[in-house]
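A.B. asks: To start, I am sharing the structure in question, which I have written as structure tokens.
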Amino acid sequence: MRQPDVLQAALDVVVPFARGRQGRVVVGICGPPAAGKSTLSSALAEALQDVHIGLSSVAVPMDGFHLSNVELDRLGLADRKGAPETFDSAGFVHLLRRLRAGEDLVYAPAYSRTLHESIGGVIPVPSSVRVIVVEGNYLLLEHGPWASVRDLLDLVLYLDAPDEVRQESLVRRQLAKGLDLPEAQDWVSRSDEANASVIAATRNRADLILTR
């Protein structure tokens with residue numbers, strides 16, 4: 001399924017779901033690293049606001065809750081960045097609760113792939129927003145603070161992609177950070193794919209599985 005087809009499949013589910021409910025709807029997009037979650041979540045949020053659909057929407061990434069590189073060094077987790085324990089999961093849950101409560105204005109953080117750090121207060125979410133699209137790897141985990149996430153999401157779509165496609169993208173991502181090819185391949189096989197296995201074990205908790 002190509003990306004446009006994946007977007008249409010997501011719209012076919014999300015639009016009637018949101019129109020059939022009152023108030024704010026929080027949609028999760030989960031999946032392994034480099035499956036295309038960020039691309040889909042941004043495209044979905046934009047498409048929902050089309051004049052023919054008319055559902056105000058904002059995309060909010062879980063990646064805004066990456067612990068800082070300084071803190072990862074302090075914890076000895078720098079070589080596991082991206083694993084569940086390298087996020088402020090309790091902070092993420094707190095944000096979701098604020099978003100569900102429909103507070104007047106909530107600012108969400110984002111992650112910069114240029115700085116390789118989280119940046120706070122860059123995504124404004126006014127109370128008027130009808131659909132919030134939350135994307136991230138660990139929306140369906142069942143341990144620690146992560147276990148509270150699923151109940152804060154009204155609908156969860158799991159996006160998958162062939163391993164070879166994801167891995168090629170992940171290697172390119174590490175090369176862009178300045179690693180050489182052997183280092184990039186090692187990071188992907190040792191870290192990203194270990195995380196992918198954890199995430200894959202949660203896919204049965206999603207409402208719909210999409211594959212691109």
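A.B. asks: Roughly how many Å² of R130 are accessible to a 1.4 Å probe, to the nearest 10?
C.D. replies: Accessible area, nearest 10 Å²: 60 Å².
A.B. asks: Amide H neighbours of I209 under 5 Å, counting only residues 5+ apart in sequence or on other chains, H built in-plane at 1.01 Å?
C.D. replies: Residues meeting the amide H criterion: Y158.
A.B. asks: In terms of modelled amide H atoms, which long-range or inter-chain residues lie less than 5 Å from the amide H of I123?
C.D. replies: HN-HN under 5 Å from I123: A108.
A.B. asks: Assuming R0 = 35 Å, what is the FRET efficiency of A176 and E46, from their Cβ-Cβ distance, to the nearest 0.05?
C.D. replies: 0.90
A.B. asks: Here's a follow-up. Using a 1.4 Å probe on the protein chains only, how many percent of the accessible area of the chain belongs to carbon and sulfur?
C.D. replies: For the chain, the apolar C and S fraction of the accessible surface comes to 51 percent.
A.B. asks: With every protein chain left in place, what is the accessible area of H52 in Å² (1.4 Å probe, nearest 10)?
C.D. replies: Result for H52: roughly 150 Å² accessible.
A.B. asks: Nearest 0.05, what FRET efficiency do S56 and L208 give at R0 = 22 Å with Cβ-Cβ as r?
C.D. replies: Efficiency computed from Cβ-Cβ geometry: 0.50.
A.B. asks: Right, something else. Per-residue HN-Hα couplings for region 198-212, Karplus 6.51 cos²θ - 1.76 cosθ + 1.60 at θ = phi - 60°, whole Hz, x for Gly and Pro?
C.D. replies: Residue by residue, region 198-212 yields 5, 5, 4, 5, 9, 5, 6, 8, 7, 7, 8, 10, 10, 10, 10 Hz.
A.B. asks: Based only on Cα atoms, what mean projected area does the convex hull of region 1-112 have, in nm²?
C.D. replies: 8.3
A.B. asks: Would you mind checking region 171-212 for residues with the amide N under 17 Å from a putative spin-label position 7 Å along Cα→C-beta of D163?
C.D. replies: Within reach of a label on D163: 171, 185-203, 212.
A.B. asks: Report, by chain and number, residues whose modeled amide H sits under 5 Å from the one on V60, excluding near sequence neighbours (fewer than 5 apart, same chain).
C.D. replies: Close amide H contacts, sequence-distant or interchain: V133, V134, E135.
A.B. asks: Helix-only mean residue ellipticity at 222 nm, the chain, DSSP H runs n ≥ 4 weighted -39,500 (n - 2.57), per residue, nearest 500. What is it?
C.D. replies: Only helices count here, giving -11000 deg cm²/dmol.
A.B. asks: Right, another one. Consider the candidate values (i) 39; (ii) 32; (iii) 27; state which one is percent of Cα pairs over 26 Å apart computed from the structure displayed.
C.D. replies: So the calculated entry is the one marked (ii).
A.B. asks: At a probe size of 1.4 Å, how large is the accessible area of F65, to the nearest 10 Å²?
C.D. replies: So the heavy atoms of F65 present about 30 Å² to solvent.
A.B. asks: For region 141-155, take each phi angle, set θ = phi - 60°, evaluate the Karplus expression 6.51 cos²θ - 1.76 cosθ + 1.60, and give the result in whole Hz per residue in order, putting x for glycine and proline.
C.D. replies: Calculated HN-Hα couplings, in order: 5, 10, 9, x, x, 4, 4, 7, 5, 4, 6, 8, 10, 7, 8 Hz.
A.B. asks: Using the basic label-point model (7 angstrom from Cα toward the beta carbon), what is the V198 to T114 distance in nanometres?
C.D. replies: 2.9
A.B. asks: Roughly how big is region 1-68's charge dipole about its Cα centre, with Cβ charges of +1 (Lys, Arg) and -1 (Asp, Glu), in debye to the nearest 20?
C.D. replies: Using only the charged Cβ atoms, the result is roughly 180 debye.
A.B. asks: Whole number in Å², please: accessible area per residue of the chain, 1.4 Å probe, ligands, DNA and RNA not counted.
C.D. replies: Working: 9810 Å² over 212 residues.
Here the per-residue accessible area is 46 Å².
The values are calculated or read from the model by the stated rules, or taken from the named source; none is laboratory data. Source: prediction; values computed, not measured. Neighbour counts run over all protein chains shown; Cβ positions are idealised from the backbone, glycine included. Just so you know, the surface numbers come from the protein's heavy atoms only, side chains and all, with ligands and any DNA or RNA stripped out. Shrake-Rupley method; radii C 1.70, N 1.55, O 1.52, S 1.80 Å.
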